[in-house]
Each structure stands twice: as structure tokens, then as C-alpha cells.
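Visitor: Just dropping this structure here.
Quick note: the coordinates plus some simple rules give every number you see, no bench work behind them. This is a predicted model, so every value here is computed, not measured. Glycine also receives a Cβ, built like all others from the backbone with ideal geometry; neighbour counts cover every protein chain displayed.
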Amino acid sequence: MTLTKKLLLAAATAAALSGMPIAQASPHWSIGINIGPPPLRYEPVPVPRAGYVWVPGYWDWRGQRHVWISGHYLREKRHQHYSPSYWSERGGRWYHAPGRWDADRDGTPDRYDRHPHNPRRR
């Protein structure tokens, strides 16, 4: 195992043990795993709440296994769109894209977007 992989593994382990989501610690990198997530669980969507956005439940990777994170409400951010988290497979490995807020819905998190409020940019 190379030094870079060891450092990434150590950072992921430390983040998981501290309860801090890995994606918030460093959204520019992700760890690919060989184990795909189980099927999504059915959760009834509760009655809408004014000023909040419903975040559906999802599988997260913690420790050495998938853990179900139940759906919950997040306080709405004005003029922002919430994209829920999802898993994708690339080259036989699974990668988790965490949920995020995005003003212009172009897929780039606002803090890394050079023009975050440009509605014509897609």
C-alpha cells in the first residue's frame, strides 16, 4: 500500500471515528470501495414543513460497512437547491456523492463554483 493510500485511509478512519462525515471534511476526493450499497429502504415522506427540505434516507460507509442514515429535514437555504446523496459505480468500485446545496443547479458545490448564482450556466 502506498503512502498516499495509507494517509487517505487514516483520514477516512479518523473522520468516521469522530462522527464527522468524510464528504464535509474534503469534498474533492472520495474513497472507492468494492462493496456496493444495499437496496434503498422505503421510508414514508412526512408531511412537508414550511422552511425545511426533506432529505431522503441513504446508505453511508462507516467503519467497514454500510450504515443506513434515516431521512430527515434540513433547514431550507434561500435560493438554493438541495441535491440528495447517491452512490455511483465506476470501474467496479463504488463512490458516494454526499448531498449538497447548489444555487444554479449545475452540479458544482457553490463554494467551488466560480459563478455560483448564474442561472444560465448549466
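Visitor: Using 0.36 nm times the number of residues separating E89 and V55, minus their current alpha carbon distance, what extension gain do you get?
Guide: 10.0 nm
Visitor: For the pair Q80/R41, report the inter-label distance in nm, with labels modelled 7 Å from Cα in the Cβ direction.
Guide: Placing both labels 7 Å along Cα→Cβ, they lie 2.6 nm apart.
Visitor: Relative contact order, percent, of the stretch 51-122 when contacts are C-alpha pairs under 8 Å separated by at least 6 residues?
Guide: 21 percent
Visitor: Whose amide H sits under 5 Å from the amide H of R100, counting only residues 5 or more places off or on another chain, with H placed in the peptide plane?
Guide: Result for R100 returns S83.
Visitor: Then there is this: Along the Cα→Cβ direction, 7 angstrom out, place labels at R65 and Y112. What is the inter-label distance in nm?
Guide: 3.1 nm
Visitor: While we're on this one: What do you get when you divide the Cα radius of gyration of the stretch 51-122 by 2.2 N^0.38 Å, with N the number of residues?
Guide: It is 1.27.
Visitor: Same structure again: Give me the extension gain from R105 to H72: residue separation times 0.36 nm, minus the current Cα-Cα distance, reported in nm with one decimal.
Guide: 9.7 nm
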